[in-house]
Amino acid sequence: MTVHFIGAGPGAADLITVRGARTLAACGVCLYAGSLVPRELLDGCPPGARLIDTARLDLDTITAELIRAHEEGHDVARLHSGDPSVFSAVAEQMRRLDAAGVPYEVVPGVPAFAAAAAALKRELTVPTVGQTVILTRVAERATAMPEGEDLATLGRSGALLVLHLAARYADRVVAELLPHYGADCPAAVVALASRPDELVLRGTLADIADQVKAAGVVRTAVIIVGRTLAAEQFGDSFLYSSDRDRPADGCGGAWGAN
């Protein structure tokens, strides 16, 4: 039997992938992050499935449940919010399953930053303005950041920054980025992206922290900072340019388009 790490998406129940929903429907056991995964998703579990909320469980207890379900002959769904590849704590679970000889697979999901970009109706990479996106966080009540990954260092790149788990520390984020981006740099905060109570704040580094405080946003949000958020005057992508050669068989695709 297999453990399936499934990205549940950013919040809206219908943003789980088709593969994720089908996998969930075939698993007799489901471990889910109760504080983050919408309850509606659990309706997709098969009748009689064992449902385990991991919100108050530590890593060893979670791993023991995964191994137990495997040994009992069940496929196991491990539902994580967003996409398992980013800030999901999946790596340490995989390490333990490897040691126990338990097979697993990963089913990607829609990440929070993608849902936030959709809410803002912005492309995060804009030709001639910005082609780099940095996903990061701040270290407060969480694991320390590796050397060289502090905001002051990352900010020197001038790239678009997407900060997870940072809304509570908006003042600090602004203070560390102001020297590199300037007070007029566009900034946005999207809380509860894709959910019915989604909240979108738009501004600049000069005022975004005050907006966050006024709105009472402290969790389940991303902060986005960078020039592409407000880009209007930019060159068109080479992808659809009339100057670009297009093979007669239509197989040019997007290779080398940028």
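The values are calculated or read from the model by the stated rules, or taken from the named source; none is laboratory data. These figures come from a predicted structure and were not determined experimentally. FYI the Cβ positions are ideal-geometry reconstructions off the backbone, even for glycines, and counts take in every protein chain you see.
Here are the numbers for this structure:
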{"item": "Scan of the stretch 105-126 for residues that are hydrophobic (A, V, I, L, M, F, W, C) and either assigned to a loop (DSSP other than H, G, I, E, B) or exposed (fewer than 13 other Cβ atoms within 10 Å of the Cβ) (or both), ordered by number", "result": "110, 124"}
{"item": "Residues of the stretch 210-258 that turn out to be over 29 Å from residue 193 (Cα atoms), of a type in the set (Asp, Glu) and at pLDDT 65 or above, as a count", "result": "2"}
{"item": "Qualifying strands (runs of 3 or more DSSP E) (wholly inside the stretch 127-227; at least 2 residues being assigned by TED's automatic domain parsing to the domain that holds residue 37 and surrounded by fewer than 14 Cβ atoms within 10 Å (Cβ to Cβ))", "result": "none"}
{"item": "Enumeration of residues in the stretch 38-95 that are surrounded by 14 or more Cβ atoms within 10 Å (Cβ to Cβ) and of a type in the set (S, T, N, Q)", "result": "54, 63, 81, 85, 88, 93"}
